[in-house]
């Protein structure tokens, strides 16, 4: 038995934040019914065609769901949605600001009729405040939250390579839905969850926020290096490959000098006597490190670092990650079905051994429409009529 077996989630979602939340609920066993626009569906379906013709974002965030096509502006849509909600535990939506309220799907409109329903709204800036109606995409929130101000090089900011603002919001939505289900088990009542991408990112930015507390200078942009700890970042080996390493304390600095650089006198060099000094003299120290590493391959550098118990990592690309020996050894990849055939998918991190996570297919657009409507009492003729009217 999975933790969320028997829980039904209705979701009006698109792109990443809400689909990432609801896919994780599905991983734990929830039945997730995804309401999509007839003909086109979630616009993330068309982002690219890299996975046997399917979109990379979509296959990542939408496995184990049922796809119901529905024109929410059609006169029958309101009845269909309320029939769904009558048997639902959770409603998740990340429509445009105010759209859920206009459809009668805001928490205020639903709480009296469905007192056990948990309503989770995911938006860029939240359900009130002066920014409520601003459009918000991942990169825009990375900028608005200050993330870009500390990421990149001294010459130019850089965005994160994955959708971190969407992921942050999706994770907070997911965990708060789980908490709301626990709370409902105690009180018998549902609740309203209001998750904003900005607030998710502001929480993730709390270290640089406090570093810049009370007007202090914020961390500088330092590329792939750490802004305030050194040496901590990428260094080239003599074979042109890059090694990432990180020192956290003076004991490690001593070991680094003795066993990796094999220059023990550097440990007491006044230019590098503590982290603040090393960070201030990073150009000078980097030159010394690069000189030593230039005579070694990247793997030889890693061997020295491992022997000294200095934290390190390979600079992997996506192809390396697909073949990562640790993920293979732990059997973290399984196959899931899609409309274009089987693809590998990563097992959800942290799932205990007491149950198998749900790893069901990625749905085709509208794949489950007829079956869901039949459950709600619509006969074949009624479903055909709705399809003729382009309502589904």
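The values are calculated or read from the model by the stated rules, or taken from the named source; none is laboratory data. Bear in mind that the values here come from a model prediction, so they are computed numbers and not experimental data. Note: ideal-geometry Cβ built from the backbone for every residue, glycine included; neighbour counts use all protein chains shown.
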Is there a residue being assigned to a helix (DSSP H, G or I), closer than 19 Å to residue 169 by Cα and out of contact with any helix residue (DSSP H, G or I) (no Cβ under 9 Å at 6 or more places or on another chain) anywhere in segment 18-29? yes
Out of all the residues in segment 225-236, is one or more assigned to a helix (DSSP H, G or I) and crowded, with 18+ Cβ neighbours inside 10 Å? no
Of (1) assigned to a helix (DSSP H, G or I); (2) closer than 30 Å to residue 58 by Cα, residue 258 satisfies every one except (2)
Residue under question is residue 350, and the condition is that it be assigned by TED's automatic domain parsing to the domain that holds residue 65, within 33 Å of the chain's Cα centre (by Cα) and more than 30 Å from residue 53 (Cβ to Cβ); does it hold? yes
Residue 15 assigned by TED's automatic domain parsing to the domain that holds residue 348, more than 25 Å from residue 388 (Cα to Cα) and in contact (Cβ under 8 Å) with a residue 12 or more places away in the chain: yes
Assess whether residue 81 counts as being closer than 24 Å to residue 387 by Cβ and crowded, with 18+ Cβ neighbours inside 10 Å. yes
Residues of segment 34-51 that turn out to be without any contact (Cβ under 8 Å) to a residue 60 or more places away in the chain, touching a helix residue (DSSP H, G or I) at 6+ places or on another chain (Cβ under 7 Å) and in a helix (DSSP H, G or I), as a count: 1
If you take just the helices (runs of 4 or more DSSP H) that sit entirely in segment 57-148, which of them hold at least 1 residues that are more than 25 Å from residue 40 (Cα to Cα)? 77-86, 107-110, 138-144
Is it the case that segment 308-322 has a residue that's more than 31 Å from the chain's Cα centre (by Cα), assigned to a helix (DSSP H, G or I), under 19 Å from residue 238 (Cβ atoms) and not assigned by TED's automatic domain parsing to the domain that holds residue 353? no
In this structure, is residue 72 surrounded by 14 or more Cβ atoms within 10 Å (Cβ to Cβ), assigned by TED's automatic domain parsing to the domain that holds residue 366 and within 26 Å of residue 348 (Cβ to Cβ)? no
